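Working notes, beginning with the structure itself.
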Amino acid sequence: MGHISSGLGSRAVKTFALLDQIVTVLGATKLAFWPFLTGSGEAIFPYGSGNDAGALTAATALNAAGAGGHDPYLHPGGVYSYQFDGTADADRISAADDADYTFATGGVSWGAWVLMQEAVGTARSVVAKFRTTAAAQREYDLRISATGYPIMQIYDEADGDWTSTCTVNVLTPFTWQFVVATYSGTEGASAIVHYLNGTAETPVAVETLAFGAMVDTTATLTIGSRDQGGASPDQAFQGRIALPFVTGKALTAANVTTLYGIGRELLGV
């Protein structure tokens, strides 16, 4: 008698084994990785041995109805993605300032899976420690430009900044994509490298004034927006975000390829 299987769900995804692989790739130096393992409450805890991150805090309950709720969606790999509506002050997801989120020298990388749910045309931040209201306190901002290109800006609040903009592939709305930026910690236009869906992108980097190093500020770390200076979030994302991270390591192309493959399995894309 033959065995009949639907195929769907016939192979269990080993969620935590895959998350452990991500942590191994990201390294243990100033690691901040939030795989979104909860669909309720307001605290979003980090994951991984050696993780230096604190909990992210949602301004309102993740599954709250109406404005401010993040409509958690549980993916096949056991992780959630959260919705951001692009406007509401209650959309804030942030972590209090901590020295482990600041990178003066040495390598650093930022990344997340994003699902833009709007046409290209508005600048949106993905991961930032970058306050522009009140007293400016800017460190870094991984964002999508109004023309759909990934941008990484690192800022020396005492002097200048580097802004690195991709020039080849724009993000496609309404589909999951993996955005990563790495910084080697050195000077020069090639110090920042972008990856879109595991493939290295060609950026144009512009230095304004004299960038020395990112300066430690009291700005909060934010996911899906920037600017926590008392006003509504700036450049609030519109769409879904999953598996965000910041780590004190300049990821290699091979590292990013590995993360892309694991992320696809966890999200079911």
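The values are calculated or read from the model by the stated rules, or taken from the named source; none is laboratory data. Computed from a predicted structure; not experimentally measured. Neighbour counts run over all protein chains shown; Cβ positions are idealised from the backbone, glycine included.
Computed values, structure above
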| quantity | calculated |
| --- | --- |
| Unique match (being part of a strand (DSSP E or B), closer than 20 Å to Leu221 by Cβ, of a type outside the set (Lys, Arg) and free of Cβ contacts under 8 Å to residues at least 60 places away in the same chain) among Thr38, Thr57 | Thr57 |
| Unmet requirement for Ala254, which otherwise passes all of (1) over 22 Å from Asp156 (Cα atoms); (2) of a type outside the set (Ser, Thr, Tyr); (3) touching a residue at least 24 places away in the same chain (Cβ under 8 Å) | (3) |
| The stretch 86-96, residues that are in contact with an Asp or Glu (Cβ under 9 Å, 6 or more places away or on another chain) and at pLDDT 85 or above | none |
| Counted residues, the stretch 222-269 - those being touching an Asp or Glu at 6+ places or on another chain (Cβ under 6 Å) and among the polar types (S, T, N, Q) | 2 |
| Enumeration of residues in the stretch 228-269 that are among the basic types (Lys, Arg) and buried (at least 22 other Cβ atoms within 10 Å of the Cβ) | Arg240 |
| Condition check for Arg92: within 16 Å of the chain's Cα centre (by Cα), basic (Lys, Arg) and farther than 30 Å from Val204 by Cα | yes |
| Conditions (1) at pLDDT 95 or above; (2) closer than 17 Å to Thr102 by Cα; (3) of a type outside the set (Gly, Ala, Ser): number failed by Pro35 | (2) |
| Residue list for the stretch 184-220, restricted to those being touching a strand residue (DSSP E or B) at 6+ places or on another chain (Cβ under 9 Å), hydroxyl-bearing (Ser, Thr, Tyr) and at pLDDT below 90 | Ser184, Ser190, Thr202, Thr208, Thr217, Thr218, Thr220 |
| Unmet criterion (only one of (1) outside any strand (DSSP E or B); (2) out of contact with any helix residue (DSSP H, G or I) (no Cβ under 7 Å at 6 or more places or on another chain); (3) surrounded by 14 or more Cβ atoms within 10 Å (Cβ to Cβ)) for Asp216 | (2) |
| Selection from the stretch 167-224 of residues that are more than 14 Å from Ile151 (Cα to Cα), in contact with a Ser or Thr (Cβ under 6 Å, 6 or more places away or on another chain) and among the aliphatic types (A, V, I, L, M) | Ala213 |
| All positions within the stretch 222-269 that are assigned to a strand (DSSP E or B) and within 21 Å of Ala200 (Cβ to Cβ) | Leu243, Pro244, Phe245, Val246, Thr247 |
| In the stretch 171-183, the residues that are surrounded by 20 or more Cβ atoms within 10 Å (Cβ to Cβ) and farther than 22 Å from Asn255 by Cβ | none |
